[in-house]
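Take a look at the structure set out below.
A short reminder: the numbers here are calculations on the coordinates, not readings from a lab. Note that the structure is a prediction, hence the values are computed from the model and not measured. Here the Cβ is made from the backbone with ideal geometry for all residues, glycine too, and neighbour counts use every protein chain on show.
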Amino acid sequence: MGYNVAIDGPAGAGKSTIAKLVAEEKGFIYVDTGAMYRGLAIHFLDRGIQAEETDKVIEACKDADVKIRYEDGVQQVFLNGTNITGRLRDEAVGQMTSKCSVIPEVRAKLLDLQRDLARTQDVIMDGRDIGTCVLPDADVKVYLTASVETRAKRRYDELTAKGEACDLDEIARDIKERDERDMNRETAPLRQAEDAVLVDSSDMTIEEVVKEIAGLCM
Ligand code: DC
């Protein structure tokens, strides 16, 4: 069994930024489970399937093969043999992912892949249900959150830096909508595991959050 660190929290809380830095410091492999769900969502989008067409989504799961490989320590996601890492962060993919990930068959499809990765290696895995469902016996569990305003502003700055036009209010609305869906779905909703440490990063620097989480690890 590897040493397992689970980080859950809402969209835009900084999970991936923090997890990558803790992974570097501690020599863990960073596993981004959101990217796996995003890979499946791309499969559905490419087939012209709408998130509401549950039967079609479930059927399409059967011929979706999502694989994770690491190139220079960076996670790459392959969908049926094609590297789709560059498409994962598109806004349309994010919305589709949040909608499709409520479907139990979609979650079941990725569960074994996630557990297998954690079984043999030291991992820091981020997502929504890692501490509660995927790795209930993780050595360290963190629930990383921040206010909606902080998360929206971070996303706004990120997009603006990339030269993309965006609207702060619209981003905040999208974040609230995504929180609502992720927290209220029936299967594996986003919630803080009882034994998770709560870290609210609203008024913390990246360095402070990394220090706090790395301090919880072996
Ligand atoms: O972390 P992210 O923004 O890449 O996640 C995209 C969506 O995937 C998110 O809205 C909910 C879903 N997700 C999930 O349901 N369970 C996970 N372990 C990770 C992501």
**Message:** Take the chain, mark every one of the GluC sites (Glu not before Pro) that falls in a DSSP loop and has at most 10 other Cβ within 10 Å, then report the longest stretch left between them, sites excluded.
**Reply:** 53-163
**Request:** For the range 137-218, just say rounded, prolate or oblate: build the C-alpha gyration tensor, square-root its eigenvalues into a ≥ b ≥ c, call rounded for a/c under 1.5, and beyond that prolate if a/b exceeds b/c, oblate if not.
**Result:** oblate
**Message:** Just to be sure I understand: of the beta bridges DSSP finds with both ends in the chain, what percent are antiparallel, rounded to 5?
**Reply:** 30
**Message:** Taking 22 Å as R0, compute the FRET efficiency from the Cβ-Cβ separation of Asp195 and Glu25 and round it to 0.05.
**Reply:** 0.45
**Complete:** Note: Glu158 to Lys176 extended length (0.36 nm per residue) minus current alpha-carbon separation gives 4.7 nm
**Lys, Arg +1 and Asp, Glu -1 on Cβ, resulting dipole of the range 52-121 about Cα centre, debye, nearest 20** = 240
**Asked** So how far, in whole Å, is the C-alpha centre of the range 1-56 from the one of the range 171-206?
**Response** 14
**Asked** To the nearest Å, what is the center-to-center distance of the range 74-99 and the range 103-167, using C-alpha atoms only?
**Response** 14
**Asked** Taking springs between alpha-carbon atoms closer than 10 angstrom, which of Ser101, Ser202, Ser16 fluctuates most in the Gaussian network model of the chain?
**Response** Ser202
**Complete:** Length gained if Ala92 through Arg115 is fully extended, taking 0.36 nm per residue and subtracting the Cα-Cα distance, is 5.5 nm
**Asked** Going down the list Lys20/Lys99; Lys26/Lys109; Lys15/Lys176, which pairs span over 23 Å between their C-alpha atoms?
**Response** Lys20/Lys99; Lys26/Lys109
**Request:** Select from Thr17, Thr205, Thr33 the residue whose mean-square fluctuation is largest in a Gaussian network model of the chain (Cα-Cα springs shorter than 10 Å).
**Result:** Thr205
**Message:** Using a 10 Å cut-off around each Cβ, can you sort Ile130, Ile206, Ile84, Ile18 from fewest to most neighbouring Cβ atoms?
**Reply:** Ile206, Ile84, Ile18, Ile130
**Prompt:** For the chain, modelled as a Gaussian network with Cα springs under 10 Å, which listed residue fluctuates most, Ala11, Ala51, Ala92?
**Reply:** Ala92
**Prompt:** If the viscosity is 0.890 mPa s and the temperature 25 °C, what translational diffusion coefficient in µm²/s does Stokes-Einstein give for the chain when Rh comes from Kirkwood over Cα pairs?
**Reply:** 139
**Item:** In the range 59-135, the trypsin sites (Lys or Arg not before Pro) that fall in loop regions by DSSP, at most 10 other Cβ within 10 Å
**Value:** Lys62
**Request:** Quickly work out the Cys166-to-Thr187 label distance, labels modelled 7 Å from Cα along the C-beta direction, and quote it in nm with one decimal.
**Result:** 2.9
**Message:** If you filter the range 55-156 for chymotrypsin sites (Phe, Trp or Tyr not before Pro), then keep DSSP loop positions with at most 13 other Cβ within 10 Å, what is left?
**Reply:** none
